[in-house]
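J.: Got a structure for you, written out below as structure tokens; questions coming shortly.
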Amino acid sequence: MYSFQNPNIAIAAAVDITAITALLNISYRGESSKQGWTTEAELIAGETRADENMVQRVMQQNGSVFLKYTNDEQQITGCVNLQQHANKLYLGMFGVAPQLQGAGIGKQILKASEEYAKHSRCTAIYMSVISLRKELISWYERHGYADTGKRIPFEEDGITGTHLKKLEFKVMEKTLSV
């Protein structure tokens with residue numbers, strides 16, 4: 001198993017599914033998410049960003065791992081899913097506890113994601129971001145991600161909330177130096 005430079009970051013296991021699911025939900029949905037700047041509560045109604053079955057399915061996909069960031073009490077306060085597709089890594093399900101956003105955890109997870117991508121011999125990381133999330137898109141741009149010009153419709157799935165506006169994803173990518 002890969003060992004990260006940051007001792008707070010490790011690859012998650014099945015035992016972490018409940019904590020990761022809870023973290024993703026409080027990071028993006030409902031009132032609790034409004035404590036942080038990554039909330040989607042104004043765009044999507046409901047309390048669910050992911051359920052345990054969804055997280056488990058993603059975790060079990062070939063080439064997929066979740067990274068977890070744990071604090072000194074071993075609580076998961078940040079996570080991200082990485083999925084390898086040929087020589088690129090898809091980054092998704094990126095969450096940080098709302099009350100800790102702005103403390104640098106997200107930057108550390110992003111750095112570990114790039115470290116993992118290079119270890120996996122990937123030449124780029126890409127992601128899909130709701131196109132209306134200007135502040136989040138700016139954050140990714142400051143970290144070297146650029147708009148690819150590709151857009152993907154964001155369809156409701158009956159699990160992850162009701163859209164309050166018409167939504168689409170903007171695909172962003174960062175080329176990695178080898």
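J.: Using a 7 Å offset from the Cα along the Cα-to-Cβ direction at both residue 142 and residue 157, what is the distance between the two label points in nm, to one decimal?
T.: The modelled label-to-label distance comes out at 2.9 nm.
J.: Dividing the Cα radius of gyration by the Kirkwood radius, what Rg/Rh value follows for the chain? Write out the running numbers ahead of the final one.
T.: Details: Rg = 15.3 Å, Rh = 16.4 Å.
Result for the chain is an Rg/Rh of 0.93.
J.: At 7 Å along Cα-to-Cβ for each site, give me the label-to-label distance between residue 56 and residue 15 in nm.
T.: About 1.7 nm, to one decimal.
J.: Another question about this same structure. Between residue 75 and residue 169, what FRET efficiency comes out of the Förster formula 1/(1 + (r/R0)^6) with R0 = 30 Å and r the beta carbon distance, rounded to 0.05?
T.: Numbers: r = 30 Å, r/R0 = 1.00.
Between residue 169 and residue 75 the formula returns 0.50.
J.: Another question about this same structure. Once neighbouring chains are kept in place and the probe is 1.4 Å, which whole percent of the accessible area of the range 1-139 is contributed by carbon and sulfur?
T.: Of all accessible area on the range 1-139, carbon and sulfur atoms account for 48 percent.
J.: If ligands, DNA and RNA are left out, what is the accessible area of residue 28 with a 1.4 Å probe, given in Å² to the nearest 10?
T.: Ignoring ligands and nucleic acids, residue 28 comes out at about 30 Å².
J.: Now for a different question. For the cross-link pairs 107/150; 134/170; 68/170; 107/174; 134/174; 68/150, which exceed 20 Å when the distance is taken from alpha carbon to alpha carbon?
T.: Details: 107/150 25 Å; 134/170 11 Å; 68/170 25 Å; 107/174 15 Å; 134/174 18 Å; 68/150 29 Å.
Violating the 20 Å Cα-Cα cut-off are 107/150; 68/170; 68/150.
J.: Here's something else I'd like to know. Go through 134-142, 101-109 and give me the packing order, highest mean Cβ count within 10 Å leading. Walk me through the numbers on the way to the answer.
T.: Values: 134-142: 13.4, 101-109: 16.8.
Descending packing order for the listed peptides: 101-109, 134-142.
J.: Can you grab the distance from the C-alpha centre of the range 86-111 to the C-alpha centre of the range 37-73, Å, no decimals?
T.: Answer, in whole Å: 11.
J.: Size of the dipole of the range 68-178 about the Cα centre, Lys and Arg at +1 and Asp and Glu at -1 on the beta carbon, nothing else charged, in debye to 20? If you can, show how the numbers build up before the last one.
T.: Numbers: 15 positive and 12 negative charges, 72 e Å.
So the magnitude is around 340 debye.
The values are calculated or read from the model by the stated rules, or taken from the named source; none is laboratory data. As the structure is a prediction and not an experimental result, all values here were calculated from the model. Every residue, glycine as well, gets a Cβ built from its backbone with ideal geometry; the counts of neighbours run over all protein chains shown. Quick note on the areas: whole protein, heavy atoms, side chains included, nothing else; ligands and nucleic acids left out. Shrake-Rupley method; radii C 1.70, N 1.55, O 1.52, S 1.80 Å.
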